[in-house]
1. From SER163, SER123, SER152, grab the single residue that is over 30 Å from LYS448 (Cα atoms) and at pLDDT below 90.
2. Show me the helices (runs of 4 or more DSSP H) entirely contained within the range 440-506 in which 3 or more residues are farther than 21 Å from LYS249 by Cα, of a type outside the set (Val, Ile, Thr) and under 31 Å from the mean Cα position of the chain (by Cα).
3. Tell me, yes or no, whether the range 287-294 has at least one residue that is without any contact (Cβ under 8 Å) to a residue 12 or more places away in the chain and more than 35 Å from the chain's Cα centre (by Cα).
4. Of all residues in the range 314-355, which are closer than 15 Å to MET35 by Cβ and surrounded by 18 or more Cβ atoms within 10 Å (Cβ to Cβ)?
5. Among the residues of the range 284-304 satisfying the criterion of being in contact with a Ser or Thr (Cβ under 6 Å, 6 or more places away or on another chain) and either closer than 29 Å to GLY213 by Cα or assigned to a loop (DSSP other than H, G, I, E, B) (or both), which is modelled with the lowest pLDDT?
6. Is it true that SER312 is among the hydroxyl-bearing types (Ser, Thr, Tyr) and either in a loop (DSSP other than H, G, I, E, B) or at positive phi (or both)?
7. Take the residues of the range 187-212 that are in a helix (DSSP H, G or I) and β-branched (Val, Ile, Thr): which is nearest to LEU158 (Cα to Cα)?
Amino acid sequence: MTPQLQQAIKLLQLNNLELTGFLAEELERNPLLEMGEERAEPAAEANGADTDRSAQDGTESNASSEDGDIQIADSLSGGGDAALDGDFNDNLYDSDAAIDRVASADSAADGLTLSGAGLNGSSGGGASTAEGSGNVLEETVSTGQTLQEFLSEQVPHLLKVQSDRLIAGHLVDLVDEAGYLHEPLDAIAERLSCDVEDVEAVLLALQSCEPTGVFARCLAECLKLQQRDQDRLDPVMDVFLDHLDLVGKRDIPALKRVCGVDEEDILDMIREIQRLDPRPGLTYGGGVAEPVEPDVFVRRGKDGIWHVELNSQTLPRVLVNQRYYAQLAGNSKTKEAKTFLSECLSSANWLVKALDQRAQTILKVSTELVRQQEAFFEHGVRYLRPLNLRVIAEAINMHESTVSRVTSNKFLATERGLYELKYFFTSAIQAADGTDAHSAEAVRDRIKSLIDDEDPFKVLSDDAIVDLLVDEGIDIARRTVAKYREAMNIPSSVQRRRFKKIAVSA
């Protein structure tokens, strides 16, 4: 492939914000390129308001689908009235056949998870245990202060000896984003050419830093630091936290044996650690989080037609300054200068065509995706259809790898929320009666609903869930139910029964 074709394919993979950064670099390299004027106010948000989107400059066209239920509102990136070369289109899509598709796989998280909501198998950090701290998260996001910066500010107040501060600085650098120190102390001591006892002493001092629980070497130590700070770390709680594996399994009888207390005390301790923060360092981040900007909007008009539109507000518009080219060409005397200008003009024209083609391709793929998944936009996730890249590719006469690149890292805003385009591609679960298959994502949602609504005194086993799904016409194996349940971080029926017993007794 030529460098220009490689560049065109690269542009397909970028979302609008990434594209803006790429174009900023191109503008520095090519004097003939310039950014177009800012576009008109964006159209109504994807909340059903019926206001047309249009670009201040550029082209706009409307085309209705054959069945009249989807309409395209096309706001392109700045190709203007320039016609697209047929060779450009053919080469771009033919070149994709030589490139492998990127496959993605679901992964499930294992192990004990704590949060402010309790030991429920869900992920997420808990609330800070420090009193009177105000809205620490908002203050941190607004300032962009990192965990390392916050800890470093506290070191001078805790340690007075310069050598101890040097060790502390090294330990601060080793703390991960959750606040944990994973490297063995003997390895740290060897690297710093000091005694292990010195590193241990410094670590002990640093474990009094805020947020409470940082510099722990494991989850149990993190929770112990928080309990000690609240003067709640008695010998029984100390033993209890040494057996968090039993807590994760909700094995109350075993916990009663090792702790030497009755069930009521065990339940009290479980409720107590549910209020702790297992990842105290996450209060601080590496900078201000960037919001996700949608690349495509889908909304329903007053006529009931689904409108698929590019987000013109974040879609950069690039122009070729022909007047500046003519001025420079008239003043160019050397062969090298003329060659440079010719290459700049060729590169600029190609980039404008590539951007225009990128916009049309995204719009074409998104429109077909909405057409295929119209039931989802009408009724929700239960109606999500099984769909793969080939179906979209064949419908719009493109290569599968082109569709894969277009749908990667791009988001679609609807009245139901913001979704990555990849979300709408799901595998199929065979229907029990041999009719149309069910989307795997829809089946996962149904499994979650069944578990959320189960009777605390009659928890559903995986086999029971299989029976319920078969009654609803979904032919699914028990191991598939278990796989989907684990992927959603939902505990087994035995663990849920123990947990719900604790919740009911609370």
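The values are calculated or read from the model by the stated rules, or taken from the named source; none is laboratory data. Owing to the predicted nature of the structure, the values given are computational and were not obtained by experimental measurement. All Cβ positions, glycine included, derive from the backbone under ideal geometry; neighbour counts span all protein chains shown.
1. SER163
2. Here the list reads 440-452.
3. Taking every residue of the range 287-294 in turn, none turns out to be without any contact (Cβ under 8 Å) to a residue 12 or more places away in the chain and more than 35 Å from the chain's Cα centre (by Cα).
4. LEU315, PRO316, ARG317, VAL318, VAL320, ALA348, LEU351, VAL352, LEU355
5. Here the residue is GLY286.
6. The answer is yes for SER312.
7. Among residues in the range 187-212 that are in a helix (DSSP H, G or I) and β-branched (Val, Ile, Thr), the one nearest to LEU158 (Cα to Cα) is VAL202.
Yes/no matrix, rows are residues, columns are (1) out of contact with any helix residue (DSSP H, G or I) (no Cβ under 7 Å at 6 or more places or on another chain); (2) closer than 30 Å to GLN230 by Cβ:
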| residue | (1), (2) |
| --- | --- |
| LEU276 | no, yes |
| THR283 | no, yes |
| LEU319 | yes, no |
| LYS364 | no, no |
| ARG371 | yes, no |
| LEU384 | no, no |
| LEU389 | no, no |
